[in-house]
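J.: Sending over a structure as structure tokens; questions will come in a sec.
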Amino acid sequence: MNSAQVIVIVGAIALVAAVQNRACAADAPATSATDSTTPSSAKYTTQKLRGKVAWLDEALKRRYGISTEPDAAGTSVVLEMADGVLLPIVPDTRGRAFAVDERLRGIELELLVRRYEKVPMLQVIRVLRPTKEGMVEIDYWCDICAIPMNILKPCECCQGETRLRERPVEEVFQP
Ligand SMILES: [Zn+2]
């Protein structure tokens, strides 16, 4: 094998590695880099809110006797707070996770959310669950690729199964 062949092979390996990294990073948790694309006019505050996530149609009916069209059933989710306040959730990846996985609905949660000025919806940043042992953070995990996802779906890397993961909050931000 001459040196030109070696260089070509090394280059091909590097390319494959780069492509794999990009695929695996596609659903990585939001970082501060995401914020740089936020329009400067988008003002928001970050809050922690307690409650249960429910279907909008179901919560409206049960709490207030408000009926909705059958087509609207099971399409939108709200955070239902103990005092009856219903706050709609932005249907981004984290928001849609509540629609996709019924295990996330109807349980006591603490959501870290952004509340944008002039937008009456919650953007979910983190999903936490209070337990007797303390707060745990919920996400989805591929044991083979060791990558997290924010919604129940096949792994972005291997297309294999992912599992619901709960970690004590103390561990979450450790490298
Ligand atoms: Zn995987």
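None of the figures in this text is laboratory data; all of them are computed from the coordinates on show. Remember, it's a predicted structure, so these values are computed and weren't measured experimentally. Ideal geometry is used to build each Cβ from the backbone, glycine not excepted, and the neighbour counts take in all protein chains shown.
J.: Which lysines, if any, have their Cα less than 18 Å from the Cα of residue 118, not counting same-chain residues under 8 positions apart?
T.: Result set, ordered by chain and number: 43.
J.: Right, something else. For the range 38-175, build the convex hull from the C-alpha positions and give me its volume per residue in Å³. Each step should come with its number before you reach the end.
T.: Working: hull volume 20.4 nm³, N = 138.
It comes to 148 Å³ per residue, whole-number rounded.
J.: Extending each Cα 7 Å along its Cβ direction at residue 44 and residue 105, get the distance between those two points in nm, one decimal.
T.: 2.3 nm
J.: What's the Cα-based Rg to Rh of the range 88-137, Rh via Kirkwood?
T.: We get a ratio of 1.00 for the range 88-137.
J.: Report, as a whole number in µm² per second, the diffusion coefficient that Stokes-Einstein gives for the range 66-105 at 4 °C and 1.567 mPa s using the Kirkwood radius over alpha carbon pairs.
T.: 116 µm²/s
J.: Right, another one. So how do 149-160, 42-53 stack up, highest first, on mean other-Cβ count within 10 Å?
T.: Numbers: 149-160: 16.4, 42-53: 13.9.
Ranking the peptides 149-160, 42-53 by packing returns 149-160, 42-53.
J.: Another one. Can you give the extra length, in nm with one decimal, that the chain gains between residue 158 and residue 146 once fully stretched, where that is 0.36 nm per residue apart less the Cα-Cα distance?
T.: Length gained between residue 158 and residue 146: 3.3 nm.
J.: Please turn the phi angles of the range 116-122 into ³J(HN,Hα) values with the Karplus equation 6.51 cos²θ - 1.76 cosθ + 1.60 (θ = phi - 60°), one per residue in order, whole Hz, x for glycine and proline.
T.: Per residue, the Karplus-derived 3J(HN,Hα) values read 7, 4, 6, 10, x, 10, 9 Hz.
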